[in-house]
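Written below as structure tokens is the structure these notes are about.
What follows draws every value from the coordinates through simple rules; no lab data is involved. Computed from a predicted structure; not experimentally measured. FYI the Cβ positions are ideal-geometry reconstructions off the backbone, even for glycines, and counts take in every protein chain you see.
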Amino acid sequence: MAETTRVSSNGTAPRGPYISVITNRTTNLLIRGAMLFGVGVFLALVLNLLQVQRNVTLFPPDVISSIFSSAWWVPPCCGTASALIGLLYPCIDRRLGEPHKLKREWSSVMRCVAVFVGINHASAKVDFANNVQLSLTLAALSVGLWWTFDRSRSGFGLGVAIALLATLATQLLVYNGVFQYTSPDFLYIRSWLPCIFFAGVITMGNIGRQLALYECKVVQEKSHQD
């Protein structure tokens, strides 16, 4: 996406959409990272509120810092992870030379976000006979989300790898008493947690890909106009 800045007759750089004005690649990455961070923080607050209402997670009273019943460190951690994932996915696509085969548009990305929130809502609100049934259902929904909105090998591989790492990190936090899950059924945590992480990785990966694609399209249009 490298581009040479051109100057118009009046000595000023041509103007365009918000990101086309900036030609520095590092600055573009920072803009996309900030947007992904904001999305991650927002989703963390909303989804954590669902979990707390269902009494799935319990934080010690001294770390509850807002009406959203979220420990102060949860939204920044989720925002940082979302930014890294959203920037990593398009980078891996370019490295592997694996273009995304599905039609990419913002409406599809928003549907992906809605399905992800729905999966979280199901884990918090729907009563299942046992944890095995819940885990299998969420696993099927998560794979279905990948198949509907991604279908790339890199997306699936990264989703599984990051979900396993996030589950391990969560297990270590719970083991050290940072927070706890009610009725844990798998090594201090809920067995369905990797499915939620996997769906979240796929969702943020799609958002990151769409932001990168939009940036690329704007730069190309600007080049043609120049």
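Quick notes on this one:
- F128 versus L165: modelled label distance in nm, points set 7 Å from Cα along the beta carbon direction: 2.6
- Most to least packed among 163-171, 36-44, 193-201 [average Cβ atoms within 10 Å]: 193-201, 36-44, 163-171
- Residues whose amide H comes within less than 5 Å of that of Q180, counting only those at least five positions distant or on another chain, are L58 (H built at 1.01 Å from N in the peptide plane).
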